[in-house]
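Trainee: What follows is a single structure, and I will ask about it in a moment.
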Amino acid sequence: MKIVNGFDLMKFAASHHYMLPAFNTTNLEMTYAIIKGLNNAGLPGYVQISSNNLRLSDPEVIAYLTKAALKNSDVPVGLHLDHGKSYEDVKACVDAGFTSIMIDASHLPFEENIKEVQRAVEYCHFYGVPVEAELGSLQGKEEDIVNEADCKTDPDMVADFVEQTGCDLLAVAVGNVHGLDLTPKVDLPLLKTISEISPVPLVMHGGSGIPFETIRAAKEYNLLKVNYGSDLRKAFVSTFGKAYDANNNETNVIELSLNAVENVSKKAEELVKIINA
Ligand code: G3H
Ligand code: ZN
């Protein structure tokens, strides 16, 4: 299958009442593993890569790997830029064939956040690519970016933000956290309030560690996309860590990489099935 356009993927998920996981990739092995996991589950989702990770993996390379991995797959998969840091990164990813984009200017004051999103929307919509934006900010660690401030999404700002920016998905901060060090405390009543105001579907970042019943309950509140990063990275890293602990002369990188693909794909399969159970 080809990489699916982001708008088509959103429509497909909405019409089948699917929750879309967005799994963060880092490299070749994780990209193949995510698509294998989705395919084994027979469920749709996203491969996504954060702007920060683009220091390691060029967008063209990730797009190529995703296309290659999808050759033997028959579930709809979109390719998403996660936490897009700049207009330049957004442009580079759209140009490389990404089918969905996040521009994250949530650290900026409200009006500046709006301006950054508007600029990305103008470019992405010209190419038929949907845009996710964030209002409020999450505590925790996303790869090597640490945020100590906990700033929940203010429902009073939502309508204005979505209308002015023209974004297609809204990432919310409702007690969800990035990484595995903090415990998420998702405020479902706040999510419900936001869902009643937001004209676009909602996105939950920091999926790792959020109880599955919370995610399934959030489906009632127009939650369409859930991001999972740390859970998959842990499955990847622990494969190598355990082998090295068992034998510090272990150097069979091919075998370990194949094992890592297996372990990450199992985790992705488990997650996509549970949130859609
Ligand atoms: O954008 C990526 C995520 O929000 C991943 O968060 O590592 O806590 O699952 P997580
Ligand atoms: Zn995130």
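No value in this document is a laboratory result; all are computed from the given coordinates. Small disclaimer: the values here were computed from a predicted structure and weren't measured. Reconstructed Cβ throughout: ideal geometry from the backbone, glycine too, with neighbour counts over all protein chains shown.
Trainee: For the chain, give the magnitude of the charge dipole about the Cα centre (Cβ charges: +1 Lys/Arg, -1 Asp/Glu; no others), in debye to the nearest 20.
Mentor: So the dipole magnitude of the chain works out to roughly 880 debye.
Trainee: Only bridges with both residues in the range 129-277 count here: give the DSSP antiparallel percent, nearest 5.
Mentor: 25
Trainee: Specify the residue with the greatest mean-square fluctuation among Tyr244, Tyr64, Tyr127, computed from a Gaussian network of the chain linking alpha-carbon atoms under 10 Å apart.
Mentor: Residue with maximal mean-square fluctuation among Tyr244, Tyr64, Tyr127: Tyr244.
Trainee: Over 27 Å between Cα atoms: which of Lys152/Lys242; Lys152/Lys273; Lys11/Lys192; Lys67/Lys192; Lys36/Lys152 fall into that group?
Mentor: Violating the 27 Å Cα-Cα cut-off are Lys152/Lys242; Lys152/Lys273; Lys67/Lys192; Lys36/Lys152.
Trainee: Counting only residues 5 or more places away or on other chains, whose amide H sits under 5 Å from the amide H of Gln48 once H atoms are built in the peptide plane?
Mentor: It is Phe23, Asn24, Thr25, His80, by chain and number.
Trainee: If you don't mind, another one. For the chain, list the DSSP H helices whose alpha carbon atoms reach 18 Å or more along the long axis and whose average Kyte-Doolittle value is -0.5 or above?
Mentor: 28-41, 230-246, 253-275
Trainee: Please identify, among Arg55, Arg216, Arg119, the residue showing maximal mean-square fluctuation in a Gaussian network model of the chain using a 10 angstrom Cα cutoff.
Mentor: Arg55
Trainee: Here is a follow-up. Using only alpha-carbon positions, what ratio does the radius of gyration of the chain give when scaled by 2.2 N^0.38 Å?
Mentor: Relative to the rule-of-thumb radius for its length, the chain sits at 0.95.
Trainee: Between Asp8 and Tyr87, what length comes free when the chain is fully extended (0.36 nm per residue of separation minus the Cα-Cα distance, one decimal in nm)?
Mentor: Between Asp8 and Tyr87, full extension yields an extra 26.1 nm.
Trainee: Moving on. Ignoring the sites themselves, what is the longest stretch of the chain with no GluC sites (Glu not before Pro) in a DSSP loop and at most 14 other beta-carbon atoms within 10 Å?
Mentor: Longest gap between qualifying sites, sites excluded: 1-147.
Trainee: Could I ask something else about it? In the chain, what % of DSSP beta bridges are antiparallel (nearest 5)?
Mentor: Here the antiparallel bridges make up roughly 10 percent for the chain.
Trainee: Let me ask another. Tell me the mean residue ellipticity at 222 nm calculated for the chain from its helices only (DSSP H runs of n ≥ 4, each -39500 (n - 2.57), averaged over every residue, nearest 500).
Mentor: -15000 deg cm²/dmol
Trainee: Contour minus end-to-end for Ala159 and Asn248, with contour as 0.36 nm per residue of separation and end-to-end as the Cα-Cα distance?
Mentor: 26.5 nm
Trainee: In addition: Tell me the relative contact order for the chain as a rounded percent, counting alpha carbon contacts under 8 Å between residues six or more apart.
Mentor: It rounds to 20 percent for the chain.
Trainee: Here's something else I'd like to know. Specify the residue with the greatest mean-square fluctuation among Ala13, Ala159, Ala246, computed from a Gaussian network of the chain linking alpha-carbon atoms under 10 Å apart.
Mentor: Most flexible of the set in this elastic network: Ala246.
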